[in-house]
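The values are calculated or read from the model by the stated rules, or taken from the named source; none is laboratory data. What you see is a predicted model; the values in this text were computed from it and never measured. Every residue, glycine as well, gets a Cβ built from its backbone with ideal geometry; the counts of neighbours run over all protein chains shown. Areas reflect the complete protein model, heavy atoms only, side chains present, ligands, DNA and RNA absent. Shrake-Rupley method; radii C 1.70, N 1.55, O 1.52, S 1.80 Å.
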Amino acid sequence: MADTTDIKNGVVLKIEGQLWTIIDFQHVKPGKGGAFVRTKMRNVMSGKVVDKTYNAGTKIETATVDRRDYQYLYQDGDDYVFMNLEDYDQITVPGETVGETAGYMLENQELTIAMHDGSPLYLELPASVVLEITYTEPGLQGDRSSAGTKPATLETGKEIQVPLFVEQNTKVKVDTRTGDYLGRVN
């Protein structure tokens, strides 16, 4: 057990059997009345964001979440197989846990997996990845960067919006949090 003074960004709390990550917190000490801590938390499993306020000194239950570096090896049916980069153990992560992250993963890519009691909670990719466009409509003469966007399919099968001038077989940088096109890569 811990108390509200231990709240920091990234700390994982166990509330009513569910795990919540602290995204943002603020310690408030008003002129009159007791101090309190205002937090913004994200549910580790569902991604739901909630604001919650605690009185200063309130006891809270923290959860131990182990973040380790893994390498993506291959997809096995609906599951994904990763290798721990420290001891070379392989783990299988269900497709529901991987979720949208699969659209940005190439074989041999390194990423971080958060584990709690031996079960994977979620995957953390780098902020951006470089992927090749396998299919997009050809751009027309006069297409400029400010003219708009068109759909493009990445080598992972994920579809994103790119500027009209981007052509097939071009390597692009993609934001893994939003899926936005960030630019071409030479």
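For the reader, a short list of remarks on this structure follows.
- Computed over the chain, the ratio Rg/Rh where both radii use C-alpha atoms and Rh is Kirkwood: 1.09
- When the C-alpha to C-alpha distance is required to be over 28 Å, the pairs from 14/173; 32/52; 8/171; 32/59; 8/173 that qualify are 14/173; 8/171; 8/173.
- With the simple model of a label 7 Å out from the Cα in the direction of the Cβ, residue 84 to residue 51 spans 4.1 nm.
- Kirkwood analysis of segment 65-124, using all unique Cα-Cα pairs, places the hydrodynamic radius at 11.3 Å.
- If R0 is taken as 45 Å, the Cβ-Cβ distance between residue 38 and residue 137 corresponds to a FRET efficiency of 0.40.
- Within the accessible surface of segment 11-63, defined with a 1.4 Å probe on protein heavy atoms only, the carbon and sulfur portion equals 47 percent.
- Reciprocal mean inverse distance between Cα atoms of segment 11-63 - Kirkwood radius, Å: 11.7 Å
- Taking the protein heavy atoms of segment 128-184 in the context of the full set of protein chains, the accessible area attributed to carbon and sulfur is 44 percent at 1.4 Å.
- Per residue, segment 128-184 exposes 60 Å² of accessible surface when a 1.4 Å probe is rolled over the protein heavy atoms with every protein chain present.
- Heavy-atom accessible area per residue - segment 65-124, 1.4 Å, Å²: 54 Å²
- Spacing of the two label points (7 Å from each Cα toward its C-beta) at residue 161 and residue 107, in nm: 3.4 nm
- Using a Gaussian network model of the chain in which every pair of alpha carbons under 10 angstrom is joined by a spring, one finds that among 93, 130, 28 the greatest mean-square fluctuation is at 28.
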